[in-house]
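This is the structure I have questions about; it appears just below.
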Amino acid sequence: MAKVLKVKYGSFIIVSTITTDIIKEACSIHKTNPPASAALGRALTGLVLLSNAFSYTNVRRLVMQFITSGEISEITTETDMKQNYRAFIRNPNPNYEIKDKKLPVSDVVGGGLIYFYRYFENEIYQSISEIVSGEIAEDIAYFLYSSEQLPCAVSLGVLVDVDGSIKNSGGILLYARPGTSESELLDIEKRIKSIGPITKLIEEESDEYDLISNITKSWNFINQTYAYYKCWCNESSIKDAISFIPKEEMLKEFELNNKIEVVCRYCRKSYIFNKFQIVQIYENLSS
């Protein structure tokens, strides 16, 4: 579970969170190596922050997908806007070399594009932005500014221990409301830069309130919510996915293995179907 704090400061909204528990779970599920853990953790923490910026809308689901030129190839993060989050990484174990005692996150991410999907009741809205650095936080900030015209600052951190485990993780999103002056933007940018790495603050036992107080002590509380790593896959959703695959391909696969096994890419839960169940899926489509 992660606590998410949202406050108002002057012309700005600030969202802070410490996501250590849910990043540990995500990285455990996907068995990521250190730089992949850092990249996945930053991306998922970023979505936790972003979804709270969109919480006042009638968006029913958010997906933020990084399609990259680096070895990880893809990171997809998703929320059902009901405090549940899940994530997927295409290559959880990219090759890497430590540089200046830092994990080479930008190397394993590389360039590419961010695809951001907002699901409403009857439509889907897509935004696309470049990956400008591969460090994730800068890429999300660039996306918000270029695609959403939202001046903002994003700070994300994932501290990976020497054994590859997650020591801590968290982030801050600060965005300007309409009418914010240039001088206010410059002042808040200086404040964000002055706080240093998020992971160091968390290691010093800062909580979500402390993260914000390092930027300003004169803020007004808006709300506090929670985030959980929880996949919402079920047998029905897996059957829906199977229905998009040609029946002949599925039956051929069954003849080879005497079963159809589908593994959810977000939680790694396995679903096994027999031939009768597969045939029934396609019969239900035609009825």
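Charges only on Cβ, +1 for Lys and Arg, -1 for Asp and Glu: so what's the dipole of the range 97-159 about the Cα centre, in debye to the nearest 20?
Numbers: 4 positive and 10 negative charges, 39 e Å.
Value, rounded to 20: 180 debye.
Go through the cysteines of the chain and tell me which have no other cysteine Cβ under 4.7 Å away.
27, 152
List the relative contact order of the range 1-158 as a percent without decimals, with contacts defined as Cα pairs under 8 Å and 6+ residues apart. Can you show the working numbers first?
Working: 307 pairs, mean separation 32.6, N = 158.
For the range 1-158, the relative contact order is 21 percent.
Need one number: the % of Cα-Cα pairs in the range 235-286 sitting beyond the 13 Å mark.
In whole percent, the long-distance tail amounts to 55.
Per 10 Å bin from zero, what fraction in whole % of the C-alpha pairs of the range 11-68 is there, up to the bin with the longest pair?
Histogramming the range 11-68 at 10 Å steps yields 19, 47, 28, 6, 0 percent.
Of the cross-linked pairs 82/193; 101/167; 24/101; 24/275; 24/259; 101/193, which ones have a Cα-Cα span greater than 26 Å in the structure shown? Working shown, then result.
Numbers: 82/193 32 Å; 101/167 16 Å; 24/101 22 Å; 24/275 37 Å; 24/259 33 Å; 101/193 21 Å.
From 82/193; 101/167; 24/101; 24/275; 24/259; 101/193, over 26 Å: 82/193; 24/275; 24/259.
On a full-extension model of 0.36 nm per residue, what is the gain between residue 253 and residue 74, subtracting their alpha-carbon distance, rounded to one decimal in nm? Could the numbers behind the result be given before it?
On the way: separation 179, 0.36 × 179 = 64.44 nm, distance 2.63 nm.
Fully extending the segment from residue 253 to residue 74 adds 61.8 nm.
Moving to a separate point now. Pairs of alpha-carbon atoms within less than 8 angstrom and 6+ residues apart define the contacts here; what relative contact order does the range 235-286 have, in percent? Before the final figure, lay out the partial values.
Numbers: 38 pairs, mean separation 17.9, N = 52.
Relative contact order, the range 235-286: 34 percent.
Compute the normalised compactness of the chain: alpha-carbon radius of gyration over 2.2 N^0.38 Å, N being the residue count.
Details: Rg = 20.6 Å, N = 287, 2.2 N^0.38 = 18.9 Å.
After normalising by residue count via 2.2 N^0.38 Å, the value is 1.09.
By count of other Cβ within 10 Å, fewest leading, how are 247, 252 ordered? Mind dumping the intermediate values first?
Numbers: 247 16, 252 10.
The most exposed by this proxy come first: 252, 247.
Right, here's the next one. Can you sort 226, 85 from fewest to most other Cβ atoms within 10 Å of each residue's own Cβ? Intermediate results must be reported in sequence, preceding the final value.
Details: 226 12, 85 26.
Lowest to highest Cβ neighbour count: 226, 85.
Can you sort 165, 16 so the residue with the fewest Cβ neighbours within 10 Å comes first?
On the way: 165 13, 16 28.
Ascending Cβ contact count within 10 Å gives the list 165, 16.
On to the next question. Can you tell me, using C-alpha contacts under 8 Å and at least 6 residues apart, the relative contact order of the chain as a whole percent?
Normalised by residue count, the contact order of the chain is 23 percent.
Now for a different question. Can you tell me how much longer the chain between residue 8 and residue 150 gets when fully stretched, taken as 0.36 nm per residue apart minus their C-alpha distance, in nm with one decimal?
Values: separation 142, 0.36 × 142 = 51.12 nm, distance 1.58 nm.
Full-extension gain reported as 49.5 nm.
How much length is gained if the chain between residue 100 and residue 67 is pulled fully straight, taking 0.36 nm per residue apart and subtracting their Cα-Cα distance, in nm to one decimal? It would help to have the intermediate numbers written out before the result.
On the way: separation 33, 0.36 × 33 = 11.88 nm, distance 2.66 nm.
Full-extension gain reported as 9.2 nm.
What is the distance in Å between the Cα centres of the range 167-192 and the range 112-142?
Value for the Cα centre distance between the two parts: 19 Å.
If you take the charge dipole of the range 2-229 about its Cα centre, with +1 on Lys and Arg Cβ and -1 on Asp and Glu Cβ, which of 160, 57, 43 is farthest toward its positive end?
So the residue furthest toward the plus end is 57.
Can I ask one more? Under a Cβ-only charge scheme (Lys and Arg +1, Asp and Glu -1), can you give me the dipole magnitude of the chain about the Cα centre, in debye to the nearest 20? Walk me through the numbers on the way to the answer.
Working: 31 positive and 36 negative charges, 101 e Å.
Dipole size: approximately 480 debye.
Each reported figure results from applying straightforward, stated rules to the coordinates on display, with no laboratory input. Predicted, not measured: the structure shown is a model, and the values here were computed from it. Quick reminder, even Gly has a Cβ in these numbers, built from the backbone with ideal geometry, and neighbours come from all protein chains shown.
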